[in-house]
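Below: the structure, in structure tokens.
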Amino acid sequence: MTSHDESEARPPGGDTSGALERLASREMASPQAGAVATANDDAPSLATREEQDPATADGGRGGHATAEAPAAGSHRRRRPLRMSLILLAAIAVAAAAGVAATGALGGDSGDSGSAAPTAPPATAKVQRTTLTDTQTVDGNLGYGSATTVQAPAAQSGTGSATGSGQQAPDGGSDTASIVTWLPDEGRVIERGDAVYRVNEQKVPLLYGSFPLYRTLQTGTEGADVAMLEKNLRALGYDGFTIDDEYTSDTADAVREWQDDLGREETGTVSPADAVMATGARRVATQETVPGASLSGAVLSWTDTERIISVDLDVAYEDLVEEGTGATVTLPDDSTVQAEVTDIGTPTSTSADDSGAGDGGSSSGGSGDSGGEDPTLPVELTVKDPKSLGRYQAAAVKVTLKADSRKDVLAVPVDALMARQGGGYALEVVTETGTELRPVELGMFADGMVEVSGTGIEEGTVVGVPK
């Protein structure tokens with residue numbers, strides 16, 4: 001039927017003048033009409049022109065084509081309309097299917113829940129543990145602060161002064177006291193070892209809590225006498241009683257000691273004859289050179305055991321006391337255990353810095369102006385020195401224990417979810433899905449947080465974002 005209409009609408013002999021005239025009449029439609037109006041009035045305009053010019057409309061066949069041409073044109077225009085309706089229907093079906101799949105219209109909740117239950121990306125269990133709050137500060141591994149060994153002051157009384165203003169080690173009358181030997185840096189000096197040599201005579205180390213300050217001889221009494229006698233006994237000399245009295249027996253032991261040192265056997269001991277220290281020492285630096293006169297600083301030394309030094313912010317003063325434990329992280333990330341063995345008094349560097357760079361001049365203002373906050377010097381001793389390996393000096397991290405809570409429930413901090421209106425909750429995983437349960441928070445430590453609340457117990461599974 002369609003092909004029949006099309007064949008009759010086509011002019012005989014291939015004449016297309018009628019079709020061209022109809023196309024031209026469309027293009028010459030009134031410019032005052034819009035595009036929509038033009039599309040809607042197309043068929044009436046065509047029919048009017050065909051009635052006015054039958055010869056042109058029927059292509060020379062008379063009025064036969066006049067009756068059927070409108071019908072054929074109408075039929076051709078309904079085909080795209082029908083296709084459009086089909087496409088719109090297909091789009092509507094697809095959209096309805098998408099809405100049903102997403103549940104946007106609140107479809108059957110039972111079907112939706114069973115098809116795709118919601119679950120957190122990762123989970124963790126509530127665990128019962130001990131949380132320890134810590135504070136990590138900078139520290140330095142080394143041998144502690146160095147102290148200086150000074151040449152002995154000139155003494156009056158027993159013995160003659162040397163030409164350098166110092167008494168000779170043996171109390172003799174040498175014209176000068178010349179340093180002839182010094183220990184190497186890093187050397188450990190123990191009781192009886194030479195600290196240095198003057199005029200090739202050893203000046204040994206003795207252990208004591210205070211230096212010799214006077215000449216000891218028969219008849220002298222005091223704590224310094226007992227200190228000397230304890231050292232003589234430790235070095236292997238005997239025949240005397242350790243007490244506060246310097247007797248002839250003490251003098252005999254001293255003479256034997258002087259003979260072993262290669263000195264004149266006087267039986268008396270002067271402040272220049274020995275250097276006192278609380279224990280073995282490690283040489284840090286040489287402060288003079290062989291050949292120099294014995295005066296001023298001779299060398300500096302430190303403890304023999306490596307320690308951790310910390311300039312602690314006074315805000316953390318309550319974290320330390322003697323015996324407080326700490327964990328020390330070395331440069332290679334290994335850790336060793338240490339404990340606080342000495343706490344100094346708060347100090348500030350403001351006074352030291354005030355004259356820097358200006359020749360020591362001061363404006364007379366407050367010493368605290370522009371200075372650093374006060375710090376508390378703290379020393380820690382490593383429990384197992386061998387665990388330090390070959391590190392002699394290094395920057396380290398010291399972790400001090402601030403507080404500890406035992407037997408608490410805790411979860412990873414990432415598991416916390418902020419609640420609308422304030423507070424926090426946990427996304428608890430149940431057999432049927434998940435639910436939010438409010439929790440109260442306690443201590444935070446090591447990425448964990450103490451929690452408590454209804455339905456929160458050891459082993460409860462909670463959601464954690466990846």
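The GluC sites (Glu not before Pro) of segment 432-466 meeting both criteria, a DSSP state outside H, G, I, E and B (loop) and at most 15 other C-beta atoms within 10 angstrom of the site's C-beta, are Glu457, Glu458.
The length gained on full extension between Gln392 and Thr335, counted as 0.36 nm times the residue separation minus their Cα-Cα distance, comes to 19.0 nm. Computed with every protein chain present, the accessible area of Met448 is close to 40 Å² [probe 1.4 Å].
The per residue volume of the convex hull around the alpha-carbon atoms of segment 195-302 is 101 Å³. If R0 is taken as 25 Å, the Cβ-Cβ distance between Thr134 and Val413 corresponds to a FRET efficiency of 0.95. Of all lysines in the structure, those lying under 23 Å Cα to Cα from Lys397, and not within fewer than 8 positions of it along the same chain, are Lys383, Lys386.
Simple spin-label estimate for Ala402 and Glu264 gives 6.6 nm between the two label positions (7 Å along the Cα-to-Cβ direction from each Cα).
Between Tyr213 and Asp342, the modelled labels are 2.1 nm apart [label points 7 Å from Cα along Cα→Cβ]. Using the Stokes-Einstein relation with a Kirkwood hydrodynamic radius computed over Cα pairs, the translational diffusion coefficient of segment 225-355 at 10 °C and a viscosity of 1.306 mPa s comes to 80 µm²/s. How much FRET efficiency would the formula 1/(1 + (r/R0)^6) give for Ala153 and Ser248, where r is the Cβ-Cβ distance and R0 is 25 Å, rounded to 0.05? Once rounded, the FRET efficiency stands at 0.30.
Residue-wise HN-Hα couplings along segment 280-294, as the Karplus relation 6.51 cos²θ - 1.76 cosθ + 1.60 with θ = phi - 60° gives them from phi, are 4, 10, 10, 5, 9, 9, 8, 9, 9, 9, x, x, 7, 5, 6 Hz; Gly and Pro carry x. Distant-in-sequence amide contacts of Val464, defined by a placed amide H-H separation under 5 Å and a gap of 5 or more residues or a different chain, comprise Ala122, Thr123, Ala124. Ligands, DNA and RNA left out, the 1.4 Å accessible surface of segment 390-447 is 47% carbon and sulfur atoms.
The values are calculated or read from the model by the stated rules, or taken from the named source; none is laboratory data. No experiment lies behind these values; they were computed from the predicted model shown. Glycine gets a Cβ as well: all are built from the backbone with ideal geometry, and neighbour counts include every protein chain shown. When the accessible area is computed, the model is the full protein with side chains, heavy atoms only, and any ligands, DNA or RNA have been set aside. Shrake-Rupley method; radii C 1.70, N 1.55, O 1.52, S 1.80 Å.
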